[in-house]
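Take a look at the structure set out below.
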Amino acid sequence: MQILIIEDEPRAARQLQNLLNKSIFDFQLLKIIDTVEDAVLWFKQNIMPDLVFMDIQLADGLSFEIFQKVDVVAPIIFTTAFDKYAIQAFKVNSIDYLLKPVQYNELETALNKFKKSNLPSTIKPNILNELLSSIQTPQKRSGILVKEGNGFVQIRTSEILYIYSQDSITFGVTSNKRFIIDETMDQLFSSLDNTKFYRINRGQIISKISIQKIEPYFNHRVKLSILQPRDQEFIVSRQKTNDFKEWMNW
């Protein structure tokens, strides 16, 4: 069985690969891809795999955009950090999904479902639109619970300047402090107001209010001057530059 993994968080990709290695299924991992752009290119240049594990939120957009650009004739198991209310369309349309962090027993169930050929080999346009609509439902998260000493405090999202990942730890920064967030970048970004927060690359999410200046950067990217940078560089990935500029105009 040939498997393709489309996942933009290295830790999540490694975890999924490790769980697959533990399973009884004999498989060959073809590649791990982290962007919509690279996935489209791969599908155009290669024979279809037997099964695809696909994250929903990738470095340069939603993975559903892949199906709008290329025909994917292979069963898909989505991996997602979206909550249960945003993924009802998956259940309705019998498309399998795994909630992050992926658990072994849930992976095994999904693989058994695939083995019994209960997964669709293609996603119909009307189903794709339904999935896209369900995922893009506006989120209105107003606070994040973080550790402080022996207890917890809530930080209002309106106070957050940016969020970043370093050494597999997620940090949030306000005008006067840095704090650890016990959530992945995928989980956080999927719950934030996307009119106010933008994921400029795999490891950084910035708020619109934190941006002081935008400057050209090499390889068709842009570099941002941010409030309270704390020795961080903020460079918008090449794949996201045009979309980021459009986001800034709203």
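Remarks
- In the chain, a dipole from Cβ-located charges (positive for Lys and Arg, negative for Asp and Glu) runs towards its positive end, and of Gln57, Phe114, Trp247 it is Trp247 whose Cα lies farthest in that direction.
- Computed label-point distance, nm, for sites Trp250 and Leu145 using a 7 Å Cα→Cβ extension: 3.0 nm
- Relative packing of peptides 125-132, 226-233, 146-153 - highest average C-beta neighbours within 10 Å first: 125-132, 226-233, 146-153
- Computed from label points 7 Å out along Cα-Cβ, the spacing between Ile209 and Glu108 is 4.8 nm.
- Under 26 Å from Lys208, Cα to Cα: lysines that are on another chain or at least 8 residues apart: Lys140, Lys147, Lys177, Lys196, Lys223, Lys240, Lys245
- Burial ranking of peptide ranges 196-203, 239-246, 210-217 (average Cβ count within 10 Å, highest at the top): 196-203, 239-246, 210-217
- Across the chain, Cα pairs under 8 Å and at least six residues apart give a relative contact order of 13 percent.
- Integer Hz, Karplus 6.51/-1.76/1.60 couplings in order for region 41-46, x for Gly and Pro: 4, 4, 5, 6, 9, 10
- Estimated vicinal HN-Hα couplings, Hz - region 26-40 in sequence order (Karplus 6.51, -1.76, 1.60; Gly, Pro = x): 7, 9, 10, 7, 6, 5, 10, 10, 10, 9, 4, 4, 5, 5, 4
- Modelled FRET efficiency - R0 30 Å, Phe179 with Ile24, Cβ distances, 0.05 increments: 0.10
- Under 11 Å, Cβ to Cβ, from Ser168 - net charge with Lys/Arg +1 and Asp/Glu -1: 0
- Given charges at Cβ of Lys, Arg, Asp, Glu: the chain dipole, positive-most of Ile155, Pro216, Val40: Ile155
- For the chain: rounded, prolate or oblate by the Cα gyration tensor [a/c cutoff 1.5]: prolate
- Excluding same-chain neighbours fewer than eight residues apart, the aspartates and glutamates reachable from Lys116 by a Cα-Cα span under 16 Å are Asp26, Asp50, Asp96, Glu106, Glu108.
- The antiparallel fraction among DSSP beta bridges confined to the chain stands at about 65%.
- The chain - mean residue ellipticity at 222 nm from DSSP helices (-39,500 (n - 2.57) per run, n ≥ 4, rounded to 500): -8000 deg cm²/dmol
- Summed side-chain charge close to Ile211 - residues other than Ile211 whose Cβ falls under 13 Å, Lys, Arg +1, Asp, Glu -1: +4
- Shape category assigned to region 115-248 from the gyration tensor of Cα positions, a/c cut at 1.5: oblate
- For region 6-50, chymotrypsin sites (Phe, Trp or Tyr not before Pro) meeting the loop criterion (DSSP other than H, G, I, E, B) and having at most 16 other Cβ atoms within 10 Å: Phe25, Phe27.
- Accessible carbon and sulfur surface of the chain relative to its total accessible area, %, 1.4 Å: 47 percent
- Candidate lysines - alpha carbon under 30 Å from Lys113, same-chain residues fewer than 8 apart omitted: Lys22, Lys31, Lys44, Lys69, Lys84, Lys91, Lys100, Lys124
- Per residue accessible area in Å² of the chain, where ligands, DNA and RNA are left out and the probe is 1.4 Å: 53 Å²
The values are calculated or read from the model by the stated rules, or taken from the named source; none is laboratory data. Nothing here was measured: the structure is a model prediction, and the numbers come from that model. Here Cβ is always computed from backbone atoms with ideal geometry, including for glycine, and neighbour counts include all displayed protein chains. Note: accessible area is taken over every heavy atom of the protein model, side chains too, but ligands, DNA and RNA are not part of it. Shrake-Rupley method; radii C 1.70, N 1.55, O 1.52, S 1.80 Å.
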